[in-house]
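Here the structure comes first, spelled out in structure tokens, and everything after it is commentary.
The values are calculated or read from the model by the stated rules, or taken from the named source; none is laboratory data. What you see is a predicted model; the values in this text were computed from it and never measured. Quick reminder, even Gly has a Cβ in these numbers, built from the backbone with ideal geometry, and neighbours come from all protein chains shown.
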Amino acid sequence: MIKKIDHIGVAVKSIEQALPFYTEVLQLPLLGIEEVESEMLRVAFLKIGESKIELLEPTSEESTVARFIEKRGEGIHHLAVGVDSIQERINEMKEKGIRMIHDKPKNGAGNASVAFMHPKSAGGVLVELCEKKGLEE
């Protein structure tokens, strides 16, 4: 069912301010930066082994990440696990009594289909199901 940890999402106030720690101190390669308008976010991807770190910068005070930072401060926002057949995984989670934030996959960063489990069903952790569409796994 779950293939790997796809990425760890980290909420930051500013990608430009956060990047030097990841690229210079940790020496992780920057894979790219993109905007996800539907989520009011800028996202930077950094490679770490077979996984990635995803820096999440809100572009609006209305975004869920902006509210997260306001409430909890910068830091780990979510854990994303790579899956195949995301709609089947969503249905399976619901059958197991897991409360889903999304009943249907939505478009996420990096050309992925994503859906989140509610943290109350996952021991307080926001878990993202992530199915890649395309070349990059």
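Taking K47, is it assigned to a strand (DSSP E or B), closer than 16 Å to K132 by Cα and more than 12 Å from the chain's Cα centre (by Cα)? Spell out how you get there, then give the answer.
Details: assigned to a strand (DSSP E or B): yes; closer than 16 Å to K132 by Cα: yes; more than 12 Å from the chain's Cα centre (by Cα): yes.
The answer is yes for K47.
Quick check on E50: is it of a type outside the set (S, T, Y) and at pLDDT 95 or above? No: the conditions fail for E50.
Name the residues in region 12-42 that are part of a strand (DSSP E or B) and either without any contact (Cβ under 8 Å) to a residue 24 or more places away in the chain or farther than 24 Å from K106 by Cα (or both), would you?
Once the filter is applied, which keeps residues that are part of a strand (DSSP E or B) and either without any contact (Cβ under 8 Å) to a residue 24 or more places away in the chain or farther than 24 Å from K106 by Cα (or both), region 12-42 yields L30, L31, G32, I33.
Filtering region 54-74 down to residues that are β-branched (V, I, T) and surrounded by fewer than 18 Cβ atoms within 10 Å (Cβ to Cβ), which residue is modelled with the highest pLDDT? Checked region 54-74; the qualifying residue modelled with the highest pLDDT is T59.
Can you tell me which residues in region 80-117 are part of a strand (DSSP E or B), of a type outside the set (A, V, I, L, M) and either at positive phi or surrounded by 15 or more Cβ atoms within 10 Å (Cβ to Cβ) (or both)?
From region 80-117, those part of a strand (DSSP E or B) are 80-83, 100, 106-108, 112-117; that's our starting set.
Imposing the further condition that a residue be of a type outside the set (A, V, I, L, M) reduces the set to 82, 106-108, 113, 116.
Result: G82, G108, S113, F116.
Of the residues I86, I90, which single one is touching a Leu at 6+ places or on another chain (Cβ under 6 Å), under 19 Å from K132 (Cβ atoms) and at pLDDT 95 or above? Full working, then the answer.
Working: I90 fails: touching a Leu at 6+ places or on another chain (Cβ under 6 Å).
Every option except I86 fails the conditions.
Among the residues making up region 17-36, those that are among the acidic types (D, E) and surrounded by 12 or more Cβ atoms within 10 Å (Cβ to Cβ) are E34, E35. Within the bounds of region 70-82, is there any residue that is free of Cβ contacts under 8 Å to residues at least 40 places away in the same chain and of a type in the set (D, E)? Yes, region 70-82 contains a residue that is free of Cβ contacts under 8 Å to residues at least 40 places away in the same chain and of a type in the set (D, E).
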